[in-house]
2 protein chains.
Amino acid sequence: MSNSLRSFIDIAADSHFPIQNLPFGIFKPKNATARAGIAIGDLILDLHVLEEKGFLRIPEFGARAVFGADSLNAFLSLGRPAWRRTRELLQHLLAAETSDLRDNSELREQVFHQQSDVTMQLPARIGDYTDFYSSFHHAHNVGTMLRGPETALMPNWKWLPVGYHGRASSIVPSGTDVRRPRGQIKLPDATSPIFAASRSLDFELETAFLIGPGNSLGEPVPIDRAEEHIFGMVLMNDWSARDVQTWEYQPLGPFLAKNFCTSISPWVVTLDALQPFRRPLPPQDPEPLSYLRAETDSIYDIELEARLQTASMTEPHVITRTNFRHLYWSMSQQLAHHTVGGCNLQPGDLLASGTISGPTEDSRGCMLELTWRGANPISLPGGESRKWLEDGDTLTIGGYASGDGYRVGFGKVTGKVLPAVG
Amino acid sequence: MSNSLRSFIDIAADSHFPIQNLPFGIFKPKNATARAGIAIGDLILDLHVLEEKGFLRIPEFGARAVFGADSLNAFLSLGRPAWRRTRELLQHLLAAETSDLRDNSELREQVFHQQSDVTMQLPARIGDYTDFYSSFHHAHNVGTMLRGPETALMPNWKWLPVGYHGRASSIVPSGTDVRRPRGQIKLPDATSPIFAASRSLDFELETAFLIGPGNSLGEPVPIDRAEEHIFGMVLMNDWSARDVQTWEYQPLGPFLAKNFCTSISPWVVTLDALQPFRRPLPPQDPEPLSYLRAETDSIYDIELEARLQTASMTEPHVITRTNFRHLYWSMSQQLAHHTVGGCNLQPGDLLASGTISGPTEDSRGCMLELTWRGANPISLPGGESRKWLEDGDTLTIGGYASGDGYRVGFGKVTGKVLPAVG
């Protein structure tokens, strides 16, 4: 693969989905069942039809059909050699110099869909979902607000990738509206809590990765083999009700404050597509314990931003710009830590980064930090301002890695806030 | 149903599985695929065969076969009217006065298995698993150890059923050995953590309930309708590595300390079978917010015990006796709280009680409390003692409700501790 790779499909220079990318997703055409596809420019290549027609003879598939289901789980379970072979074959089929599809208009009619004509679904059946807390700047900002700068980070934070189990059932694909939750809130001067709609609804700009083969219970994945289990990445918005969180989270962590909705982008950008954007993981101090150290551990240079559009605005306004490389802990470290006690990961599990904040005030990944708990509201074009998200607001997270003349993009994850029920 | 109900099957007076119980489970006969059954005495009635032969014509099933799969999920999704109708039909078929099975020895040969001949599996595909912290005595004891008696309970504890999301993939059926986990441990006087096998492996005596139909995202289940979504209960051992937990749990809650293994008993005792043991929920102070109040909210009188057998002992020794009715928060309150912000529950989800401790020293539900963090080791017959679980120890939790001349029992959940790897 190189950046001179070209497809016979017309692709705009700023498209997120050139032939260098080829992210996988699950889409539902009108009048047909959901199936797997890859995004190419404004189109989707239908892997189910392609497989049925015999174009995807991958040794690891054996006699199985893997792309006709409404999840990528079967494909995820096959592992990196099968993923890479499939990707290479698809790049070949889409290349400018390959005639199979290019010159067969009848076939092209059958295997290509306009992205605007289909409905995107979740890419996988997500069995378990874990959220980490791996951005130093985010953890430090939040800790400073709660406890002051001296004890902002807990003593464990630089020794292990802190994480917790999230709720898998309420993960939704981009475009799903999010209902403002109601819950118990204890106002600062009150002696008892009230039950009310959240007054401090927030987003969290995150990425997440999907697990491939996984491991058996009791058999940790060594860090040097962690990437064999990472299929690819999506964008994630971990919607959060800060007032609910403040009252409920001690001592067992966030619960209702975050389980009412978590949105992810539908296209999974493979780790293979991200290799040109790999950078060495900066030195960590203190040096991690050996099970968290890998010779070639990496971060990825992926630009990320969040855009807010209120009901009265005509276009979205960028409220923060950050980068995946601001994370302190790598995906491999997260995965090795997750399994080191024997916990089993399974195909389709989702492991998220936690809010990604950069070192500057304008690179913070959530309203809590951007407004410093409401003290410094965000000013929007048109004169509105926001301490927290309001009903009718649409929050969109986008991101891409910049290659030489092309982008490997994630598309977006977007959602609009609906008023609370009742 | 009454306690004069009798089956044509011989059932010992102290059996956990008389005709008044009829718990559901998934079993795998030798040389056949896993399917659903109910326990009756020492036998299992094969619901898959019974369904195939046309004995289970339940209107709610429609044309579906629900008992041939390796999980109860399809049955769980049908709801209480279907569950109750099935149970009544099965009680009729097994009654002493019903001849269909009683007098057909060929049919009996096909539909009955000896429990000792089969392998029990998990009763459901568990999508999400939540663990509550609903025993006042447990929360108070643990809080006293960590913070002293004055601030033992967090301010939120009596206002809401504190809970957190657990790991579904590592839930295993009774009889599965548990591997002692390794992890980061920070010794009290050390400046940095070490990586080592846990030195304070614990059990937690819990119960858990399986969710039936569940709710859509954004649509809370009102507390008065909560029991429509509770299919039945199992026993649970939430194995815990206390040293790992101490170091990792702030600020987001337990993670690796509890996700290496969680064991449940294989037979699901239905809420219908537990109705004779229903007791009014004692008054709560402060009075809960209205979404947590139900006219007829209940606890259940279920006796519970934990037994420990070391490698050198010839029989297990009871180390604690407690009761489900010691819980402060009811299952309906847990379920209503879980969904009040809009979180969706799905068929097969598991909601657990948290460690169940009674008010006395000998009714505490885990080693942490029983030994007061190792200060008062448990003395065992034969001269051994235990601060924590050691390799080769077998921990078994049992429980039943006592009727007039019969027991509605849960069987047991048991597991043996294997040494850490490496």
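The values are calculated or read from the model by the stated rules, or taken from the named source; none is laboratory data. Worth saying up front: this structure is predicted, and the values here are computed from it rather than measured. Neighbour counts run over all protein chains shown; Cβ positions are idealised from the backbone, glycine included. Surface accessibility is based on the protein's heavy atoms, side chains included, excluding ligands, DNA and RNA. Shrake-Rupley method; radii C 1.70, N 1.55, O 1.52, S 1.80 Å.
Just one of the listed residues (B:P220, B:P251) is closer than 20 Å to B:Y164 by Cβ and without any contact (Cβ under 8 Å) to a residue 40 or more places away in the chain, namely B:P251. The single condition among (1) surrounded by fewer than 18 Cβ atoms within 10 Å (Cβ to Cβ); (2) touching a Lys or Arg at 6+ places or on another chain (Cβ under 6 Å) that B:H165 does not meet is (1). Taking segment B:71-108 as the range and being more than 31 Å from the chain's Cα centre (by Cα) and open to solvent by 30 Å² or more (accessible area, probe 1.4 Å) as the test, the residues that pass are B:E97, B:S99, B:D100, B:R102, B:D103, B:N104, B:S105, B:E106. Across segment A:314-360, the number of residues qualifying as of a type in the set (V, I, T), away from chain B (no Cβ under 14 Å) and out of contact with any Phe, Trp or Tyr (no Cβ under 7 Å at 6 or more places or on another chain) comes to 6. Within segment A:393-413, is there a residue that is in contact (Cβ under 8 Å) with a residue 24 or more places away in the chain, open to solvent by 30 Å² or more (accessible area, probe 1.4 Å), within 22 Å of A:T314 (Cβ to Cβ) and out of contact with any helix residue (DSSP H, G or I) (no Cβ under 7 Å at 6 or more places or on another chain)? Within segment A:393-413 (the criterion being in contact (Cβ under 8 Å) with a residue 24 or more places away in the chain, open to solvent by 30 Å² or more (accessible area, probe 1.4 Å), within 22 Å of A:T314 (Cβ to Cβ) and out of contact with any helix residue (DSSP H, G or I) (no Cβ under 7 Å at 6 or more places or on another chain)), the answer is yes, since at least one residue qualifies. Residue selection: A:I223 satisfies the criterion of being β-branched (V, I, T), within 27 Å of A:D285 (Cβ to Cβ) and in the same structural domain as A:N376 (by TED's automatic domain parsing). Residues in segment A:179-202 that are touching a helix residue (DSSP H, G or I) at 6+ places or on another chain (Cβ under 8 Å), free of Cβ contacts under 8 Å to residues at least 60 places away in the same chain and surrounded by fewer than 21 Cβ atoms within 10 Å (Cβ to Cβ): A:F195 alone. When segment A:242-300 is filtered for residues that are open to solvent by 30 Å² or more (accessible area, probe 1.4 Å) and under 28 Å from A:I194 (Cβ atoms), the ones remaining, listed by number, are A:Q245, A:T246, A:Y249, A:Q250.
Of all residues in segment A:377-389, those satisfying the criterion of being open to solvent by 20 Å² or more (accessible area, probe 1.4 Å) and part of a strand (DSSP E or B) are A:I378, A:S379, A:S385. All conditions in (1) touching a strand residue (DSSP E or B) at 6+ places or on another chain (Cβ under 8 Å); (2) more than 14 Å from every other protein chain (Cβ to nearest Cβ); (3) open to solvent by 10 Å² or more (accessible area, probe 1.4 Å) hold for A:D224, with the sole exception of (1). Only residues that are acidic (D, E), over 18 Å from A:Y129 (Cα atoms) and in contact (Cβ under 8 Å) with a residue 24 or more places away in the chain were counted in segment A:340-361, giving 0. In summary, B:V118 fulfils each of the numbered conditions (1) modelled with pLDDT of 95 or more; (2) open to solvent by 30 Å² or more (accessible area, probe 1.4 Å) with the single exception of condition (2). Screening B:F203 with (1) under 26 Å from B:W388 (Cα atoms); (2) at the interface with chain A (Cβ under 8 Å from one of its Cβ atoms); (3) among the hydrophobic types (A, V, I, L, M, F, W, C) gives one miss only, at (2).
Just a yes or no: is a residue in segment A:22-34 open to solvent by 50 Å² or more (accessible area, probe 1.4 Å), at pLDDT below 95 and over 16 Å from A:M120 (Cβ atoms)? Yes, the conditions are met somewhere in segment A:22-34. So which residues in segment A:131-145 are more than 21 Å from A:P288 (Cα to Cα) and either open to solvent by less than 30 Å² (accessible area, probe 1.4 Å) or in a loop (DSSP other than H, G, I, E, B) (or both)? If the condition is that a residue be more than 21 Å from A:P288 (Cα to Cα) and either open to solvent by less than 30 Å² (accessible area, probe 1.4 Å) or in a loop (DSSP other than H, G, I, E, B) (or both), then A:N141, A:V142, A:G143, A:M145 are the ones that fit.
Which of the residues that make up segment A:151-183 are assigned to a strand (DSSP E or B), facing chain B (nearest Cβ under 8 Å) and of a type outside the set (A, V, I, L, M)? A:G163, A:Y164, A:H165, A:R179, A:R182, A:G183, listed by residue number. For beta carbons closer than 7 Å, sequence separation of 6+ or different chains, a first residue in segment B:11-38 that is under 11 Å from B:P266 (Cα atoms) and a second that is of a type in the set (D, E, K, R) and open to solvent by 50 Å² or more (accessible area, probe 1.4 Å), the qualifying pairs are B:I26/B:D70. Would you say A:S265 is small (G, A, S), within 14 Å of another protein chain (Cβ to nearest Cβ) and more than 26 Å from B:W247 (Cα to Cα)? The answer is no for A:S265. Set side by side, the residues A:G398, A:G374, A:G392, A:G411 differ, and just one is outside any loop (DSSP other than H, G, I, E, B), on the phi > 0 side of the Ramachandran plot and in the same structural domain as A:V142 (by TED's automatic domain parsing), which is A:G411. Output the residues belonging to segment B:310-339 that are open to solvent by 50 Å² or more (accessible area, probe 1.4 Å) and more than 20 Å from the chain's Cα centre (by Cα). Passing the criteria: B:A311, B:S312, B:T314, B:E315, B:P316, B:H317. Pairs linking a residue in segment B:269-297 that is farther than 25 Å from B:G398 by Cβ and assigned by TED's automatic domain parsing to the domain that holds B:P161 to a residue that is of a type in the set (S, T, N, Q) and part of a loop (DSSP other than H, G, I, E, B), with Cβ atoms under 7 Å and 6 or more positions apart or on different chains, are B:P286/A:S192; B:D297/B:S330.
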